[in-house]
Structures are given as structure tokens and as C-alpha cells.
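All remarks here apply to the structure that follows.
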């Protein structure tokens, strides 16, 4: 398995000199920005060169956001604030091997945290594409905020403004120069405890959807004069009735949205390690909590 770093890749391709790399690493230790962003700010490299290097190293296609028309169904999967925080833009849906994927343009395709967050909350696999940072931010302004954006590349300043606003906070970088692993992927069958819990949560979500669909007719004849306590045997529907009242069942779209948010919260808690498999089965799982 070949291991490369972004800086090493750029030096090997002659995009930057070793001296420019050292200067970039020194500045990056102070700003805690990604190395690529730091090098661009110093004028050592252009966005296009950085995107090309990432695309080749990760074997990930590039996309020109200015040349495509995004699918609004894809755009609506993510919120503007999340896209701004992680410098990414969802622009298409595709089906691979019978499974839907969300196609996301990313200025930082090594942002595994953002990818996992999207996959857990959407239930879809992320199919990444490399693009320039200015293109991502332009697309966010144009499609989320309805701000007209001039097409074409924007000039890269030779150095950051003297009083530039501080960059958005990012998680602390373990090493100064991000590591790229080339030529080897994690086996598809390999699962961690958290992904196992995520699979269980998705399974229970599908069961809840089927139960809700199958019980829609019976719900119309339910006794509306009695408030139900949670975990009375009806699963998520009864819990939502207890929290929001029976009126929720009279608004199917509202009920579906509340249930979707509940399951999204469960997936996020599982990913962040705030919920264990045993806790989920004992406290929240209708199937595993009884018996």
C-alpha cells in the first residue's frame, strides 16, 4: 500500500518547491488550515493544480460545477450551513448496483468526518468529486442563497489580506500534512461496532416505516381521547403520539418528518459514540427491548 502526503505529491509533480512546502507547513501550524488552502493563500499553487493533484492521488474524478445544472433533489439533502462548514456541494443523485448515492463536490475530499455525517443522516453512500474551493463556495451562494455569481475562475490572491477574518474552526489536525492512502480500500465486509449499530438502526427504521404504512388504516379508528405512554407496544408512532399528540397522525407529512429526524438523531449519536448497541436495544429498540 503506497502512502503519500499532499505536500509530497505536489513536490513530486513539480507544482511546488521543497522550500515552498516548508513555508506552507510552518504557516499551517499557526492557522490550522488545510495545507492546500495555506499554499493557495501563499500563492505557491493554484486551485486548479491542487484539485488535479488530489484527483490523481485519490483516483477521484473532478467536476466543473459551473458547467453543470444541479439536481435540486440532491441540493435539498444538505443544509447550506453544513455545506459552508465543510466546503462541499451536493449536486446529483445516482444509482450504483441498485443503491442510491449522493454525488458531492468537495474542495477537501479527505474530510472523512463530513462524509460520514452525510452517509449517516441521509442513509446514502457519498460519491465524491474533486473541485476548486472557489467553485464550491460559488455554488453554495448561487443555489442556496440565490446570490448571482460570475462564472469562470476567480483570481487567487498572492497572499492573504492583512486583516482577513479568521477561517472557520476545523478539528485539530493530527499531523501537519494530511496523509493520502493510495491504491487500497477498506474491505466492504469489514464492520466496526459503530457501523454495526448503524445497520441495526437502519433496519429498525425500515421496520418502523413498514409498520406505519401497514397500520395507517387502523390509525384512523384509534381512540383519540386517551394519551398514550411511550413504549406501549406501538413503537415510534406511539412515542410520537405521546410527545406531540394524536394530531400528528392527521398530518402524514409532518409525522414522516418527525420520524425521519428521530432516526437521523439515532444515527448521529451512534456515529459520535454517544449510543452503544446495548443501550439502543435496551432503551429504544422495540424488537430487542422486550424479552
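A short reminder: the numbers here are calculations on the coordinates, not readings from a lab. This is a predicted model, so every value here is computed, not measured. Note: ideal-geometry Cβ built from the backbone for every residue, glycine included; neighbour counts use all protein chains shown.
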Computed log₁₀ I(q)/I(0) - Debye formula, equal Cα scatterers, no solvent, the stretch 14-106, q 0.24 Å⁻¹: -1.24
Residue 206-residue 64 FRET efficiency (beta carbon distance; Förster radius 45 Å; 0.05 resolution): 0.75
Cα-based Rg / Dmax (Å) for the stretch 81-124: 10.5, 31
Under the Debye formula (equal points on every Cα, no solvent term), log10 I(q)/I(0) of the stretch 72-145 at q = 0.14, 0.16, 0.18, 0.24 Å⁻¹: -0.37, -0.48, -0.62, -1.11
Listed peptides 65-75, 136-146 by packing density, highest first (mean Cβ within 10 Å): 136-146, 65-75
Rule-of-thumb Rg ratio for the stretch 30-74 [Cα; 2.2 N^0.38 Å; N residues]: 1.46
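Can you tell me how much longer the chain between residue 213 and residue 93 gets when fully stretched, taken as 0.36 nm per residue apart minus their C-alpha distance, in nm with one decimal?
Working: separation 120, 0.36 × 120 = 43.20 nm, distance 2.56 nm.
Result: 40.6 nm gained on full extension.
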Calculated Rg and Dmax of the stretch 1-65 using C-alpha coordinates, Å: 11.7, 33
Distance (nanometres) between label positions extended 7 Å along Cα→Cβ at residue 199 and residue 71: 2.6 nm
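Computed FRET efficiency, Cβ-Cβ of residue 260 and residue 31, R0 41 Å: what is it to the nearest 0.05?
On the way: r = 38 Å, r/R0 = 0.93.
Step by step, r from the Cβ atoms, then E = 0.60.
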